[in-house]
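*Asks:* Before we start, here is the structure in question, set down as structure tokens.
The values are calculated or read from the model by the stated rules, or taken from the named source; none is laboratory data. Computed from a predicted model, the values in this text were never measured in an experiment. Glycine gets a Cβ as well: all are built from the backbone with ideal geometry, and neighbour counts include every protein chain shown.
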Amino acid sequence: MFSKADNGNRYRLVMVRHGESVGNALGYYQGQADFDLNERGRAQAHALAERWKCDGVTFDTAISSPLARARQTAEIIAETLELQLELNPLWMERNNGHLAGLHPKEAAERYPRPDFIHPYMPIGGTGESQWDLYLRAGQAIREIMVRPPGCYLVISHGGLLQMAMYSILGLAPQADFLGPQFRFRNTAFATLFYSPGSHHWTLEGINDQSHWNTPRSGA
């Protein structure tokens, strides 16, 4: 259980990936293409909200990407837990350029993957590079850390959350998407603490999806 009362002078940051979307289920490259949650995704969001409600979990503020799949997940959680909800575009998924909304087969035909992708290369021809996404994720984290200490809930996307973990842990983006991988399944979450007096981060858990133990779809 975690609540406002146990924060003290520390931050507690809980980062959640959105529920399953129509784009997830059909296997599309989503990026900033705006797909709604499907029925399964809404059920996942309700299951997480009810889990936290039953456990007495509270947050000071909920912050969400404005893309539909994240916003709809956040609205379900915020309504159940009676939270104030903010929308912040810094938490949007990667702009993946020409790949947005395409099926991988179509994308491979129209925009073949380069043989080598360095961290500064725009994804999908016109999108954000790994470095761009890393910098945006760092800015999103910073915007929370200049707020008063408290318990913050973020609802975002797999790619952005991956780079948020890199930013927090002091990792640099690698070529060809190599390097550590931090899995966030649909409505799975990571829990972290930050002590500003010592600049000390603690990772308490990651990819927690025990509220949804049925077989899972792809990323």
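*Asks:* Taking the range 21-47 as the search range and keeping residues that are assigned to a loop (DSSP other than H, G, I, E, B) and of a type outside the set (Gly, Ala, Ser), which one is surrounded by the most Cβ atoms within 10 Å (Cβ to Cβ)? Lay out the reasoning, then the answer.
*Replies:* Here is the first cut: in the range 21-47, the residues assigned to a loop (DSSP other than H, G, I, E, B) are 27-36, 38.
Restricting the remaining residues to those that are of a type outside the set (Gly, Ala, Ser) gives 28-30, 32, 34-36, 38.
Values: Tyr28: 20, Tyr29: 21, Gln30: 26, Gln32: 19, Asp34: 15, Phe35: 20, Asp36: 14, Asn38: 19.
Step by step, filter the range 21-47, then rank; the result is Gln30.
*Asks:* When you scan the range 48-69, how many residues do you find that are part of a helix (DSSP H, G or I) and surrounded by 19 or more Cβ atoms within 10 Å (Cβ to Cβ)?
*Replies:* First, the residues of the range 48-69 that are part of a helix (DSSP H, G or I): 48-54, 68-69.
Those still in the list that are surrounded by 19 or more Cβ atoms within 10 Å (Cβ to Cβ) too: 48-49, 52, 69.
So the count comes out to 4.
*Asks:* Right, another one. Can you tell me which of (1) under 10 Å from the mean Cα position of the chain (by Cα); (2) not in a helix (DSSP H, G or I) is the one Gly159 doesn't meet?
*Replies:* (2)
*Asks:* When you scan the range 76-116, how many residues do you find that are in contact with a Phe, Trp or Tyr (Cβ under 7 Å, 6 or more places away or on another chain) and under 21 Å from Leu133 (Cβ atoms)? Reasoning before the result, please.
*Replies:* Applying the first criterion (in contact with a Phe, Trp or Tyr (Cβ under 7 Å, 6 or more places away or on another chain)) to the range 76-116 yields 81, 83, 96, 98-104, 107.
Next, only the ones that are under 21 Å from Leu133 (Cβ atoms) stay: 96, 98-102, 104, 107.
Residues meeting the conditions: 8.
*Asks:* Looking at the range 210-219, can you tell me whether even one residue there is surrounded by fewer than 12 Cβ atoms within 10 Å (Cβ to Cβ), within 30 Å of Pro114 (Cα to Cα) and either aromatic (Phe, Trp, Tyr) or touching a residue at least 12 places away in the same chain (Cβ under 8 Å) (or both)?
*Replies:* Quick first cut of the range 210-219, residues surrounded by fewer than 12 Cβ atoms within 10 Å (Cβ to Cβ) only: 210, 213-215, 218.
After this cut, where a residue has to be within 30 Å of Pro114 (Cα to Cα) as well, the list is 218.
Still in the list and also either aromatic (Phe, Trp, Tyr) or touching a residue at least 12 places away in the same chain (Cβ under 8 Å) (or both): 218.
Yes, the range 210-219 has at least one match.
*Asks:* When only residues in the range 74-119 that are touching a Lys or Arg at 6+ places or on another chain (Cβ under 8 Å) and over 28 Å from Ala47 (Cβ atoms) count, which is surrounded by the fewest Cβ atoms within 10 Å (Cβ to Cβ)?
*Replies:* To start, the set of residues in the range 74-119 that are touching a Lys or Arg at 6+ places or on another chain (Cβ under 8 Å) comprises 76, 80-81, 87, 90, 98, 102.
Now drop any that are not over 28 Å from Ala47 (Cβ atoms), which leaves 98, 102.
On the way: His98: 17, Leu102: 20.
Ranking the qualifying residues of the range 74-119, first place goes to His98.
*Asks:* Of everything in the range 18-61, what is of a type in the set (Ser, Thr, Tyr) and either touching a helix residue (DSSP H, G or I) at 6+ places or on another chain (Cβ under 6 Å) or at pLDDT below 95 (or both)? Give them in sequence order. Break it down into steps so the answer makes sense when it comes.
*Replies:* So in the range 18-61, the residues of a type in the set (Ser, Thr, Tyr) come out as 21, 28-29, 58, 61.
Once the filter is applied, which keeps residues that are of a type in the set (Ser, Thr, Tyr) and either touching a helix residue (DSSP H, G or I) at 6+ places or on another chain (Cβ under 6 Å) or at pLDDT below 95 (or both), the range 18-61 yields Ser21, Tyr29, Thr58.
*Asks:* Can you name every residue in the range 178-190 that is among the hydrophobic types (A, V, I, L, M, F, W, C) and within 17 Å of the chain's Cα centre (by Cα)? If you could, list the steps in order and put the result at the bottom.
*Replies:* Of the residues in the range 178-190, the ones among the hydrophobic types (A, V, I, L, M, F, W, C) are 178, 182, 184, 188-190.
Selection gives Phe182, Phe184, Ala188, Phe189, Ala190.
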